[in-house]
1. Taking the stated definitions as given, is residue B:68 among the polar types (S, T, N, Q), farther than 30 Å from residue C:271 by Cα and outside any helix (DSSP H, G or I)?
2. Looking for whichever is surrounded by 16 or more Cβ atoms within 10 Å (Cβ to Cβ), in contact (Cβ under 8 Å) with a residue 12 or more places away in the chain and in a loop (DSSP other than H, G, I, E, B) here; the options are A:111, A:86. Which one fits?
3. Restricting segment A:59-76 to residues that are outside any strand (DSSP E or B) and either surrounded by 22 or more Cβ atoms within 10 Å (Cβ to Cβ) or touching a residue at least 40 places away in the same chain (Cβ under 8 Å) (or both), which is nearest to the other protein chains (Cβ to nearest Cβ)?
4. Among residues belonging to segment B:192-234 that are among the charged types (D, E, K, R) and in a loop (DSSP other than H, G, I, E, B), point out the one that is nearest to residue B:324 (Cα to Cα).
5. Could you say whether any residue in segment C:210-227 is under 22 Å from the mean Cα position of the chain (by Cα), without any contact (Cβ under 8 Å) to a residue 40 or more places away in the chain and more than 14 Å from chain A (Cβ to nearest Cβ)?
6. Does at least one position in segment A:115-128 carry a residue that is within 20 Å of the chain's Cα centre (by Cα) and modelled with pLDDT of 85 or more?
7. Filter segment A:89-108 down to residues that are modelled with pLDDT under 85 and part of a strand (DSSP E or B) and give me whichever is surrounded by the fewest Cβ atoms within 10 Å (Cβ to Cβ).
8. Which condition from (1) among the aliphatic types (A, V, I, L, M); (2) under 21 Å from the mean Cα position of the chain (by Cα); (3) assigned to a helix (DSSP H, G or I) is the one that residue C:187 breaks?
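The values are calculated or read from the model by the stated rules, or taken from the named source; none is laboratory data. Please read all numbers here as calculations on a predicted model, not as lab measurements. Every residue, glycine among them, receives a Cβ derived from its backbone with ideal geometry; neighbour counts consider all protein chains shown.
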Amino acid sequence: MNASAYELLASIARYWFLGLAALIAVRLILAVVREMRIEWRVQREISEAGTSINATLVLLSDEDRRMRRGKLYAVEGETTVGRSHNCDVRIGSPSLKGTHCILNMEADGMNVVPVGGAFVVVDGEVVGRRALAQDGSTIQMGGLVFRLRLEEGNAL
Amino acid sequence: MKQMKKNARAVLCALLALFTVLSGYFFYAVYANGNRWFTTPYNTRLRAARGSVIAGDILDRNGTVLVTSSADGSREYPTDRDTRKALSHVLGDVEGNVPTGAETFLAADLLGFNASLADRATQIFAEKRRGSDVQLTIDADLQTYIAEQFPEDYNGAVALLNYKTGEVLALYSKPEYDAKHPEDYEDAEDQTGVLLNRATQGRYAPGSVFKIVTLACALENLPGVQDRVFTCEGTYAVTEEMDLIDTDGEGHGTLTLEEAFTKSCNIVFGQLALELGEEKLRATAERMGFNGNFLFEDLIVYESIFPKAIEDEGELAWTGVGQGNLMAVPMHLAMIAGAVGNGGTMVEPQLVLSVRGAAGGVHSRLSTRTALQCMSASTAGIIESYMIETVESGTATRAAVDGHTIAGKTGTAQVNSSGGRYSPHSWYVGCCAEEETPYAIAVVVENGGSGGSAAARLAGRVMERAIETVQPAGR
Amino acid sequence: MRSKELKRPETDWVLLAMTLFEATAFILLAFRDGFDFVPLILAVSVPLLLVAQVLLLGRAYPHMDSYILIIVNFLCGVGLIMLYRLDAGRALRQLLFYGVGVMAMMGMTFLVARYRGWRKLRLLIMLASVAMLGLTLLIGEENGGAKNWIDLGFLSIQPSEFVKVALVLCLAMDLSERRTVRQLVPVGLFAVACVGLIVLQKDLGAVLICFLTCLTVYYVATSNWMLALAGLVCAAAGSTVLYHLFDHVRTRVAIWQNPWDSPQGSGYQIIQSLISIASGGLTGMGLGLGSPDIVPVAESDFIFSAICEEFGILVGLILILLYVILFARGLLLAMRARSSFHALLAVGAVTSLALQTFMIVGGVIKMIPLTGVTLPFVSYGGSSMLSSMLMLGILQGVSISVGEQDESQWRMARRREEVPEL
């Protein structure tokens, strides 16, 4: 092909490329925004139905006797428990650390991971690195004792 | 997890901000500097294109062909030696010896880098591609006239523009260069001095011409300054070592602000500078474009310099009368004079009238843009009336043009060079205060002697010629 | 399969436009010098690779993030077009890297989404990374002031690229369950060892990316902004030390401040890059009409300038926008994740890619000093392509586990609404 003809072709083509690129950008942004809306809707419906709750901690006793017995705390996916307002489950007991322990769900139960040498007991055994708690296990964190209730119906 | 989500959102915001800044900077940098980068001598694309593309013609505002390409693609400059030399700095050369001439700065058009699709379509069967023709705002006859009239044996520069539209009518720099005989300059002692376009890139002490800026600052910051009466005894001790001296040394006696301006009294303006202070004077100067980085579309104009720090009162007083460490570019001073004539609005200078593509379509490139709003219209009016008075009965009577209202100001710039005492530079800036012929001019004659008479005389002749002969664009 | 109510927005138009873009560009290149049939093969195979991935992977893993997938494949395609225009041989090699990269991406996706035994691999990954970096110092090759290549005879690899992936994995593993400073000593030591070894290799771009990625992941995991800030201050102090210690850092900064001081010497690269970008203007010179090959290493570090010259800065800006969408999708994934391991993986992968993109694009337009890193997915280079694809695999793996979890919970929520409990 003649060099001048190629030049004309290529200089026409740059508008074609620019147009395609602009089309890609616009359609992508629109699609991503709609996708984000759908994701938010799904999240909202899940949290309204409470199906994201994997387990519930039932407060059995409190050494300071400041908490109401039988109070429920929901565990949704990975959950941090502690006194600090950064935690997902915030309990204002002086016997807890800022972030006391991390709870996360596994296929065969709930993993309890104490943070920074915090005092955690699962079914009578002091937890070192991690321990697996089952439905009905008692979990002691600081001066608080809980009973674990797994929501079997809900997926992980 | 709740906290981690918040932190992830913070990271998202930070990234969005980072990339917004990146895109903004990217777009702005290319928009503002693109042509400057493209036309540097280090762009080998231009050199390559010169081999494969027949560059377009360069015409003056009246349609006279100034530069054309011969059949084999080499560039042909005006055959008349005087015309060629008079226009040398405006046109530049293909070698890029004069680095800011039209040949290099407008290369994107001349070599067809910006050619439209229609232009390209006509070139399919051409053996060699042709670039676009560029019509400049320059009036070649006027420019040649300036070269003739410029005092022999003196160097300097002249800038003349239409202060309403921004069209640059003449841009002359001496010593001249000859693009047809570059070998003549190879042995020259000061080669860069020849290649420099003094009108747009030469930095000179402005001398008394700067009193326009001091006056504007005083008018805007000192209410009632017009009605005050000053006394001048010829000298004034600012500090123990530093005296302010008037050129005559005898003193002007009692005088008003207007008289002080028309007689160019250093004592009064030095005192005004002291009264205003460094900050206000700098603010006014910077509003008029000093220390600003000009990014004009058609031409490169170096920035004028108002010192970043003034050491003492003595230097401040001398700065007020245009000495000290001030540096000004002739084109910029012409733009300031134009702003005075244009009610305080400084327009962007334009060098390109239109571009004609290879297919024959003509695209006008003239679009008036405001560069800076320098001062209020009332301040500009007062300064203009003072400058008119200066031409009628003050220091600039030589710049007068019969039958026309001319406003102007002369200047004398002391040059302190280590190589002994030189005669001072002679300055004149001014404008024609008429609707039909809104021309502003700046002239500097290097070592032209004190009093500004050499520059004023030349400016008067050039202005007269411009008023008579320059035709409006788009005829 | 997805239920009807969760029907995702269509990306058919985007896919069509991308396919057309790639195909026409290669067809155009076929006619550049006379006629050449190789680009025609590419014109079919590259779009095919894109569509095949979307169709096959999209079927196999409905929760894969298709936006990220098509953006990345399009970026690879644009890179291939530009590479073919610059150097046909390199483009064909890059096509191979691209194919291998897609495989690596699928493997990584599967591992992140399905594999549960990451903790067992942790030590192995750490040791392998440090060993690779150490080996580079011993037998590495110098390249542009940095000693960061190992030549294996048939191909050279750049270990620092893979260490970035290892770092992201290890950081996410350790930080997801250890939060106190004492517990973080092992991963901290690993990070310091990596950064230190890369400093010794004088590969400053990689140092910055690794260090800032560590800081960001650490901050997101612990919310300890005091320590993160202290880290930043350390980084500033460290850079000043490096500035005085290493000659080529000083040169880089000096070039950035004023490249016009030596336009034919040290400033040549960046000045040619600026000229190249400026030549393109808004709409570009046209594919094959510019001379981006004037810029040294246009095929890797300066490929963004080459794209801007021939496609124009508007297309350049659109590419930046595509990167931003990619990063934003990644971080949205992190915000939806139910486990900190996944969230931190996504944050780490996005931060690393984003910093790399910012540093090289900012570098070639002289916004920040130039650090010789590649533009992810676009630049020529096997190691770079592979490591970027592994990062993409991490994101896709997170997307699959997040998506599956969301969907099953959402289905349950729907069922409860429809069948009220008795």
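1. So residue B:68 passes the test.
2. A:86
3. A:67
4. B:203
5. Yes: segment C:210-227 contains one or more residues that are under 22 Å from the mean Cα position of the chain (by Cα), without any contact (Cβ under 8 Å) to a residue 40 or more places away in the chain and more than 14 Å from chain A (Cβ to nearest Cβ).
6. Checked against the condition, which is being within 20 Å of the chain's Cα centre (by Cα) and modelled with pLDDT of 85 or more, segment A:115-128 yields no hits at all.
7. By that ranking, first place goes to A:106.
8. (2)
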